[in-house]
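Below: one structure, written as structure tokens.
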Amino acid sequence: MYDGWKIILGLIIFIGIATFPFLYDMGKAAVPPPKPNIDTPEIQKMAVKKCIETKSFMRAEHMVMLNDWRDFVVRDGDRLYTASDGHQYTMSLQNTCMKCHSNKTKFCDECHNYMAVTPYCWDCHIAPKEEKT
Amino acid sequence: MLETALKGSRRYWTWIFFLLAVIGTGFIAYLYQFRIGLGVTGMSRDVSWGLYIGQFTFLVGVAASGVMVVLPYYLHNYKAFGRITVLGEFLAIAAVIMCMLFIFVDMGQPLRVLNVILHPTPNSVMFFDMLVLSIYLFLNILVGWTVLGSERKGIAAPSWVKPFIILSIAWAPSIHTVTAFLYSGLPGRHFWLTAIMAARFLASAFAGGPSLLIILALIVRKYTKFDAGKEAIQALGKIVTYFMITNVFFLGLEFFTAFYSKIPGHVQPFMYLYTGIEGHGKLVPVMWTSTILAAVALFLLVFPQFRRKENLLAIAAVSTFLSLWIEKGFGLIVGGFVPNPFERITEYWPTLPESLITLAVWATGFLVLTILYKVAVSIKEEVGVEEHHH
Amino acid sequence: MSINRREFLKIAGSSTVLALGGLSVSTLLKKSLLEASQVMPDPRALVAKRWGMVVDISKFKTEEDYRVCTEACHRVHNVPNVGTIKEEIKWIWKETYEHAFPGQEDEFLSPEIKHLPFLVLCNHCDNPPCVRVCPTKATFKRESDGIVMMDMHRCIGCRFCMAACPYGARSFNYRDPRPFIDKEKENLEFPTRMKGVVEKCTFCYERLAKGLIPACVEASQELARKTGREPGLIFGDLEDPNSEVRKILSTRYSFRRKPELGTRPGVYYILG
């Protein structure tokens, strides 16, 4: 073929770049799945250890729920949220969610780091102070 | 047709790589700005818009000026502009791309720019500006590419192009009017609160854009076999003359209102720009340079014996372009912020990163322009420089 | 059947556009996750048809009188102390008469009045030019109580609002503000801001929602209690004829900043 060596070289470079993620991790142990830790003093103090909604709901929808919360609080002036079990909570990441989940690095970051997502919440919302262990 | 841009002389590729080098340097400067924030520029709490928005404002004018060659040719059959319309349309494309880049680098949260589309706000002039600029870009690409493609094939342009051409003619003044509205509707900034802001913008656009087009046409003629034509260039010269006179006249009108009424809010920005206030006078030499350049340009333009000599016309075009670039691309913006609402003065001067990023955006525009012109010129050379009648 | 390159590209392009377009439309039309009935305002919230403020300069006698107000605000809201005029961020601050009211040019004005310090802040105008120009409605006028709000999540940092505001009330985060916040005094119940967004006084909407008056007003009242004087900041509903602010405005001469611009500011100044 015409320019044969250019094509072969190009193909090799392309395949190299495309398969790089797999080649890089060859032989290394699998990254363990994330283990978000809910063992915080505030949660331990709770009689009934329940989040605002169910675990499956939170895992799938907490991002959308927080987005909706932010629009309700900032734009509409509504602050109280009635959960599906009838309990009322103040809609606030910093003052509600993080009051129980006060170990951001062992909870929020666990899944976020695994999924390589960096939500920009923490650029503004102050993360709870944790002791360096 | 783009493949014609991949074949070129040594000089062509040197120019391309020079532009890429400038873009690369500016890109690194932008990464620095992206990481640290807009604090790396000279902008401040008081002067919250600077070189980026100034260049954007000036370039919207250059983009709008495409209409100055399209209108006479398509609406009034002015045959002399036959070869230059594609140069005007392609200049408009490069200019609009530069506008959009300047807006992007000026944003505090650039990754959120799509919020303007997700949350459309019709009462915001900036929303409209984004809309009309995007549509203008689309129109020029559509028209320029189609007409050029037809020329290459040796056939007449398809008839559906005509309504788009008419639309682009009407659209061009609107993009610059909307940009003027960014400034002329703000109650607190008396330097900008003038009914003739849009008229001033259009006058300087139709003087500055065609000047650049003259320079580009002369460069293209020097380095390629493509000649836009002596008559076309002379016609552009006359357009620049009349609109530069209008532009200086309008500026004179502003001076009159300010200095005859003596209202401090109107007088002070002019004093700051042209004489300095209380020892603050960073922009004074810059504004007087613009004035002198305008005087030189008008002297060479008004007298036909000078204007007819192409080398003098070239000097006049450069002079016009630079004068307007300073006045609209820098002085106008800073003047609106000085003095601030508390009648205090915070001066502004661009920083090194800001200048590198600005140069990189200009280089990007010139890269787009070079590639598009290379395509146009190659096709015209392919086809031969016979007159085409539409 | 054979297909030429042009046809193939046309089909590929249009199917991509249709797919992406259809996806976007279906996402936009998807029902919101939460029902509107699930949310409501806090019953403790202070409500008004239009919040406004009266600044009684005659009650500000000492440096401390001004300082407690500005410090309370900047502390409660984690406003950074950037330290340069170029990039300073301020929500409420002191400004002398000649600079707060620049239209009142007067060569025979007594130096006392000329240099009399006033407290200036966002005026929460009834006809705010900043809201008119914002391309994303990141700054908006709350219909319920007239507060000119800031949605930090939506702001793209274009700074058009800063150009539009005739009062210089807005500040921009030219860099990350966190290094400039005193960690000892940080308010852990309120977020900071990030670089690239505009901020300004929001009449303490987050406190009003919990039944508390704005921080500057509370600080002024506390100091008044301590010193046995009267507070200099009075906050209330401009649309309620029985509110304290309205009573003051109906009995005293008041003036506002640049009223000729048609912005209808909500912050009134009285000299006693």
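Please go through region B:254-282 and pick out each residue that is among the hydrophobic types (A, V, I, L, M, F, W, C) and free of Cβ contacts under 8 Å to residues at least 60 places away in the same chain.
Within region B:254-282, B:PHE255, B:PHE256, B:ALA258, B:PHE259, B:VAL267, B:MET271 qualify.
Kindly provide the set of residues from region B:43-65 that are of a type in the set (Gly, Ala, Ser) and in contact with a helix residue (DSSP H, G or I) (Cβ under 6 Å, 6 or more places away or on another chain), ordered by number.
B:SER48, B:GLY54, B:GLY61, B:ALA63, B:ALA64, B:SER65
Is there a residue in region B:50-69 that is crowded, with 21+ Cβ neighbours inside 10 Å, within 9 Å of another protein chain (Cβ to nearest Cβ) and outside any loop (DSSP other than H, G, I, E, B)?
Scanning region B:50-69, I find at least one residue that is crowded, with 21+ Cβ neighbours inside 10 Å, within 9 Å of another protein chain (Cβ to nearest Cβ) and outside any loop (DSSP other than H, G, I, E, B), so the answer is yes.
In this structure, is C:ALA164 in contact (Cβ under 8 Å) with a residue 60 or more places away in the chain and closer than 29 Å to C:THR84 by Cα?
It is false that C:ALA164 is in contact (Cβ under 8 Å) with a residue 60 or more places away in the chain and closer than 29 Å to C:THR84 by Cα.
Consider A:GLU53 against the criteria (1) assigned to a helix (DSSP H, G or I); (2) within 14 Å of chain C (Cβ to nearest Cβ): it satisfies all of them except one. Which criterion is unmet?
Only one criterion is unmet by A:GLU53, namely (1).
Is it fair to say B:TYR73 is assigned to a helix (DSSP H, G or I), more than 14 Å from chain C (Cβ to nearest Cβ) and crowded, with 16+ Cβ neighbours inside 10 Å?
Taking the combined requirement at face value, the residue satisfies it.
Would you check if C:GLU218 is assigned by TED's automatic domain parsing to the domain that holds C:PRO128 and modelled with pLDDT under 95?
no
How many of the residues making up region A:82-122 are in a helix (DSSP H, G or I), farther than 17 Å from A:ASN67 by Cβ and among the hydroxyl-bearing types (Ser, Thr, Tyr)?
Residues flagged as in a helix (DSSP H, G or I), farther than 17 Å from A:ASN67 by Cβ and among the hydroxyl-bearing types (Ser, Thr, Tyr) within region A:82-122 amount to 2.
Table: residues versus (1) within 13 Å of chain C (Cβ to nearest Cβ); (2) in contact with a Cys (Cβ under 8 Å, 6 or more places away or on another chain).
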site: B:TYR78; (1), (2): no, no
site: B:GLY82; (1), (2): no, no
site: B:VAL86; (1), (2): no, no
site: B:MET107; (1), (2): yes, yes
site: B:ARG112; (1), (2): yes, yes
site: B:ASN115; (1), (2): yes, no
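Would you call B:THR241 surrounded by 18 or more Cβ atoms within 10 Å (Cβ to Cβ), more than 14 Å from chain C (Cβ to nearest Cβ), modelled with pLDDT of 95 or more and at negative phi?
Yes; evaluated as a whole, the condition is true for this residue.
Condition (residue is modelled with pLDDT under 90, under 30 Å from A:ASP85 (Cβ atoms) and within 13 Å of chain B (Cβ to nearest Cβ)) applied to region C:36-58: is it met by at least one residue?
For region C:36-58, residues modelled with pLDDT under 90, under 30 Å from A:ASP85 (Cβ atoms) and within 13 Å of chain B (Cβ to nearest Cβ): absent.
Can you name the residue in region A:71-90 that is free of Cβ contacts under 8 Å to residues at least 24 places away in the same chain and small (Gly, Ala, Ser) and, of all such residues, is nearest to the other protein chains (Cβ to nearest Cβ)?
A:GLY77
Examine region C:193-204 for a residue that is surrounded by 13 or more Cβ atoms within 10 Å (Cβ to Cβ) and outside any loop (DSSP other than H, G, I, E, B), and state whether such a residue exists.
Checking region C:193-204: at least one residue is surrounded by 13 or more Cβ atoms within 10 Å (Cβ to Cβ) and outside any loop (DSSP other than H, G, I, E, B).
Could you identify the single residue in A:VAL64, A:VAL74 that is in contact with an Asp or Glu (Cβ under 7 Å, 6 or more places away or on another chain) and part of a helix (DSSP H, G or I)?
Just a single option satisfies the conditions, and that option is A:VAL74.
Is one or more of the residues making up region C:174-196 out of contact with any Phe, Trp or Tyr (no Cβ under 8 Å at 6 or more places or on another chain), hydrophobic (A, V, I, L, M, F, W, C), within 22 Å of C:ARG142 (Cα to Cα) and more than 8 Å from every other protein chain (Cβ to nearest Cβ)?
No, because not a single residue in region C:174-196 is out of contact with any Phe, Trp or Tyr (no Cβ under 8 Å at 6 or more places or on another chain), hydrophobic (A, V, I, L, M, F, W, C), within 22 Å of C:ARG142 (Cα to Cα) and more than 8 Å from every other protein chain (Cβ to nearest Cβ).
Could you list all residues from region A:101-133 that are within 14 Å of chain C (Cβ to nearest Cβ) and of a type in the set (A, V, I, L, M, F, W, C)?
A:CYS121, A:TRP122, A:CYS124, A:ILE126, A:ALA127
Could you figure out which of (1) hydrophobic (A, V, I, L, M, F, W, C); (2) under 28 Å from B:TYR348 (Cβ atoms); (3) within 11 Å of chain B (Cβ to nearest Cβ) isn't true of C:TRP91?
(3)
Kindly check whether there is at least one residue in region C:206-215 that is within 14 Å of another protein chain (Cβ to nearest Cβ), within 20 Å of C:LEU121 (Cβ to Cβ) and assigned to a strand (DSSP E or B).
Within region C:206-215, none of the residues are within 14 Å of another protein chain (Cβ to nearest Cβ), within 20 Å of C:LEU121 (Cβ to Cβ) and assigned to a strand (DSSP E or B).
Only one of these conditions is not met by C:ARG225: (1) without any contact (Cβ under 8 Å) to a residue 60 or more places away in the chain; (2) within 14 Å of another protein chain (Cβ to nearest Cβ). Which number is it?
It fails just one condition, (2).
Condition first: within 30 Å of B:ARG344 (Cβ to Cβ), in contact (Cβ under 8 Å) with a residue 60 or more places away in the chain and surrounded by fewer than 21 Cβ atoms within 10 Å (Cβ to Cβ). Now tell me which residues in region B:162-188 satisfy that.
B:GLY185
Somewhere in region B:285-295, is a residue in contact with an Asp or Glu (Cβ under 7 Å, 6 or more places away or on another chain), assigned to a helix (DSSP H, G or I) and under 18 Å from B:THR246 (Cβ atoms)?
Within region B:285-295 (the criterion being in contact with an Asp or Glu (Cβ under 7 Å, 6 or more places away or on another chain), assigned to a helix (DSSP H, G or I) and under 18 Å from B:THR246 (Cβ atoms)), the answer is yes, since at least one residue qualifies.
The values are calculated or read from the model by the stated rules, or taken from the named source; none is laboratory data. All figures in this text were calculated on a predicted structure; none of them were measured in a lab. Note that we place each Cβ from the backbone using ideal geometry, even for glycine, and neighbour counts take in every protein chain shown.
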